[in-house]
Amino acid sequence: MAPDLSVSLGSLTLPNPLIAASGCFGYGLEYEQVVDLSMLGGVVSKGLFMKERQGHPPPRIVETPAGMINAIGLQGIGVHRFVKEKLPLLNKAGARTFVNVCGTTIDEYVEVCKVLSQADGVAAIELNISCPNIKEGGIQFGCSLTGTYDVVSAVKKATHLPIIPKLTPNVTDVASFARAAEDAGADAVSLVNTFLAMAIDVETRRPKITNVLGGLSGPAIRPIAVRMVWECYQLVKIPIIGMGGITDARDAIEFMLAGATAVQIGTQNFVDPFVWSKVLDGLKDYMTRHNVAKISDLIGTFDPTPPKAVHA
Amino acid sequence: MPPVDIDATVIANARLSRDYSVLSLAAPEVGKRTQPGQFVMVKPAGITDPLLRRPFSVFEVLRNGAGEVTGISILNKRAGRSTKKLYELEPGDVVSCLGPLGVPFTPVAPPVEAWMVAGGVGLAPFATLAESLAGAKTPTTLFYGARTAEELFYLDFFEQLGITLVLTTEDGGHSLKKHCVKGRVTGPLEAALKNAGTSSSGNAAAMVYACGPEPMLEAVARLAARYNQPCQVSVERVMGCGLGGCYSCVVPVRHGDEHANLVRSCISGPVFDGAELVWD
C-alpha cells in the first residue's frame, strides 16, 4: 500500500507535510517552471500588507556559514494585486495557497484578512508577527505575549480562514508565545522565523547588508529550531508547522519527531529548486524502512531516552 | 524552455591568470538552451560552504568536432570564498549548474552595428553574443578594458570571428599582440559615439552592449543616452536563487515617467535597457 503522507492542520488536510516557506518561494508562480505546485502540501506567499512595498535597498542578503542573512524588507505587491494577479494562477496550478499576512497595526492585519476572506482559493492565513527586518508592526506583536494574543484574537473574529501565527525565535521562551496564540484561538502555529543577526565586512568595517541587521536562515539554525518546536509541542495542543534549515527528508522527519505536523522548506529552495521531489521520495523511503503507514503517526514520537554511549 | 539543473562534471579549468579561469562543464542540456546574455547558478556540488550558488554568465557554449553541444564554460574571477573554490576545481570534480536563466541580449542585424563594451570579468557574456552577431554578419566592435594587459583574454577568439578590438588598460600596458589605450574603456567608446550618427536605415547606428563594474555600466549607459544610441546593460547583483524567489538581486528600473521600481535582475534581467536603469 502506498504510504499515507497526508496531515491535518485543524480543519485543513494536506496531501503531504511539505510547505514552501514565505519569502523563499516568491508568490509560488516563479517556481512553476521547475516545480509542480500541486505536488506540494502547500505554498506560503511572500508577506503581504494592504499596499505595495518596495523593501530595503540592496545588498539584501549575505551568505554566512551554512546559512544566509537577509533583510529584504517585505517587498511586495499588496493584498489586492495578489488576489487579482497571483491567486487565480495559483488556483489554476493546483496549489494550496497559504497567504502570509503582515500589518503595521492590528487594524491592518484585520483588513488584509478580510480581503483574503472574500477571495477564492485561500487555504489558510499565516500571520506574520515575526519579521525581524521592518521597524514598525510585525515583530512588535510577536515579541509581546499580549500583542500576540490581541492580534490573533482580532483576526480570528474577522475571518473564517484558519489562522496560523508565525512565531519569532528572538524571544526567551517561544513556547509561551505559542500558548498565547493558542489561547487566542489560533488554528496552528508556524516556527521559526529567522534569527536576528548581522555580519560585518572587516576590510571596510561596514555592514554586509544595507539594513545592517537581518534574519539568519539555513542549516545553521536547524538545531535551535528543532529545540523550539519540541518546546512548543510540549506546551500546546494545536498543530505546529516546523521550519529552520530543512534540506532533505531526514531534516523534515527530525522536525516531525520533535512535534511538527507539517514542515516548511525555505532557504533550500535557493540552493536546490528541485528539492521537493527529493524530499518526498526520502519521506516515502523512511516510512518504508521504518514500517510507518501514516506519516502523521510520526508526529511528536521523539524518544528522549539518552543515546547509547558510543566509544571510538 | 525551462532551466535544467545538472550535476556537471568539470571538463577543464584553464587558469588564465592568478585570478581568472575558464571553467568548462559537461552540461549539454544547459548549453543547448542558452541564448547570449543568459546565466547559470553554480556551486561546487554536495557541500554547504558555499551554501548558495553564484550567478555566472554563460561564457562559451562548448561543441565537439561534430558540432554537437557538449557543455558550457564560465569565466570565473577569484574574488571571494565561492569563486576561490571554483578557481581551484580540477577535471572530474562536480558542479551544480542550474540554467540557463534570465533575459538574453536582443541581437541587432546590419546595417546597425554592435558595440560590445566589457570591463574585466564583464567580458563573460560577449563570447556567445559575438558568435551570434558574427553569424548574422552584424559589424561588431569589442571595447574591452582591464587593469593590465595580462588580464585581456580571448583576443584571438574575437578576432577570428571578425570582430574589431578596441583595448584599454588602466596602466597603459600593451598586450603582446595589440595596442592598448591607457585609461578606461569609456574613453574610446565616447570617441566612437561622437561620430556614430544614424545608420542608412535612419535608425541609430549602433546598439551598445555593456557588462562590467557598476560605475562602468553607469558611464556607458549615460554616454549612450547622450549620443542617442540604444544600450543594453547586463547587471550583476548579489543573487540568492536566480529564479525570482528571494528578491535579493533587485535593481531600480523606471519605465517612462513612472517612479522607479525595484525589480529582480534574475528574471527581469540581467539584461536591461540602459535607459531604464536608475543609477544611484
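All conditions but one from (1) crowded, with 18+ Cβ neighbours inside 10 Å; (2) at pLDDT 95 or above; (3) within 14 Å of chain A (Cβ to nearest Cβ); (4) more than 22 Å from B:Phe272 (Cα to Cα) apply to B:Ser82; the one that does not is (2). When A:Gly73, A:Gly78, A:Gly42 are checked against the criterion of being at pLDDT 95 or above and under 17 Å from the mean Cα position of the chain (by Cα), a single residue qualifies: A:Gly42.
Among the conditions (1) buried (at least 23 other Cβ atoms within 10 Å of the Cβ); (2) away from chain B (no Cβ under 14 Å); (3) out of contact with any Phe, Trp or Tyr (no Cβ under 8 Å at 6 or more places or on another chain), A:Val101 misses just one, which is (3). Answer yes if at least one residue in segment A:19-39 is closer than 15 Å to A:Lys86 by Cβ, within 17 Å of the chain's Cα centre (by Cα), at pLDDT 95 or above and β-branched (Val, Ile, Thr), and no otherwise. No, the conditions are met nowhere in segment A:19-39.
Select, from B:Gly256, B:Gly242, B:Gly274, the only residue that is on the phi > 0 side of the Ramachandran plot, buried (at least 18 other Cβ atoms within 10 Å of the Cβ) and not aromatic (Phe, Trp, Tyr).
Every option except B:Gly242 fails the conditions.
Across segment A:268-312, the number of residues qualifying as within 20 Å of A:Thr247 (Cα to Cα) and among the acidic types (Asp, Glu) comes to 3. Taking strands (runs of 3 or more DSSP E) as the structural unit, those lying wholly within segment B:113-227 and holding at least 3 residues that are crowded, with 19+ Cβ neighbours inside 10 Å correspond to B:113-119, B:140-146, B:164-169, B:206-211. Residues that are surrounded by 24 or more Cβ atoms within 10 Å (Cβ to Cβ), part of a loop (DSSP other than H, G, I, E, B) and in contact with a Cys (Cβ under 8 Å, 6 or more places away or on another chain) were ranked within segment A:260-280; the one that is farthest from the other protein chains (Cβ to nearest Cβ) is A:Gly266. Applying the criterion of being under 17 Å from the mean Cα position of the chain (by Cα) and more than 14 Å from B:Ala124 (Cα to Cα) to the residues of segment B:15-32, the residue that is nearest to the other protein chains (Cβ to nearest Cβ) is B:Val30.
The one condition from (1) surrounded by fewer than 20 Cβ atoms within 10 Å (Cβ to Cβ); (2) in contact with a helix residue (DSSP H, G or I) (Cβ under 7 Å, 6 or more places away or on another chain); (3) modelled with pLDDT of 95 or more; (4) not in a loop (DSSP other than H, G, I, E, B) that A:Val152 does not meet is (1).
When segment B:183-204 is filtered for residues that are over 13 Å from B:Asn228 (Cβ atoms) and at pLDDT below 90, the ones remaining, listed by number, are B:Ser200, B:Ser201.
In the set (1) in a loop (DSSP other than H, G, I, E, B); (2) farther than 29 Å from A:Ser277 by Cα; (3) in contact with a helix residue (DSSP H, G or I) (Cβ under 6 Å, 6 or more places away or on another chain), the condition left unmet by A:Tyr109 is number (1). A residue that is at pLDDT below 95, in a helix (DSSP H, G or I) and out of contact with any strand residue (DSSP E or B) (no Cβ under 8 Å at 6 or more places or on another chain) cannot be found anywhere in segment A:116-136. Residue-level check: of (1) within 14 Å of another protein chain (Cβ to nearest Cβ); (2) crowded, with 18+ Cβ neighbours inside 10 Å; (3) not polar (S, T, N, Q), A:Leu283 misses just (1).
Would you point out which residue out of A:Ala71, A:Ala66, A:Ala20 is at positive phi and either surrounded by 21 or more Cβ atoms within 10 Å (Cβ to Cβ) or facing chain B (nearest Cβ under 9 Å) (or both)?
A:Ala66
Scanning segment B:227-259 for residues that are small (Gly, Ala, Ser) and at the interface with chain A (Cβ under 9 Å from one of its Cβ atoms) returns B:Gly240, B:Gly242, B:Gly244, B:Gly245, B:Ser248.
Residues in segment A:284-310 that are closer than 12 Å to A:Glu254 by Cα and either touching a residue at least 12 places away in the same chain (Cβ under 8 Å) or polar (S, T, N, Q) (or both): A:Tyr286, A:Leu298, A:Ile299, A:Gly300, A:Thr301, A:Phe302. Taking segment A:28-61 as the search range and keeping residues that are assigned to a strand (DSSP E or B) and buried (at least 22 other Cβ atoms within 10 Å of the Cβ), which one is farthest from the other protein chains (Cβ to nearest Cβ)? Only one residue fits best here, namely A:Gly42.
Residues that are farther than 27 Å from A:His160 by Cα and either without any contact (Cβ under 8 Å) to a residue 12 or more places away in the chain or among the hydroxyl-bearing types (Ser, Thr, Tyr) (or both): does segment A:44-65 have at least one? Scanning segment A:44-65 turns up at least one residue that is farther than 27 Å from A:His160 by Cα and either without any contact (Cβ under 8 Å) to a residue 12 or more places away in the chain or among the hydroxyl-bearing types (Ser, Thr, Tyr) (or both). Among the residues of segment B:27-50, those identified as under 23 Å from A:Asp248 (Cβ atoms) and surrounded by fewer than 24 Cβ atoms within 10 Å (Cβ to Cβ) are B:Lys43, B:Pro44, B:Ala45, B:Gly46, B:Ile47, B:Thr48, B:Asp49, B:Pro50.
The values are calculated or read from the model by the stated rules, or taken from the named source; none is laboratory data. Owing to the predicted nature of the structure, the values given are computational and were not obtained by experimental measurement. Cβ coordinates were reconstructed from backbone atoms using ideal geometry, including for glycine residues, and neighbour counts include every protein chain displayed.
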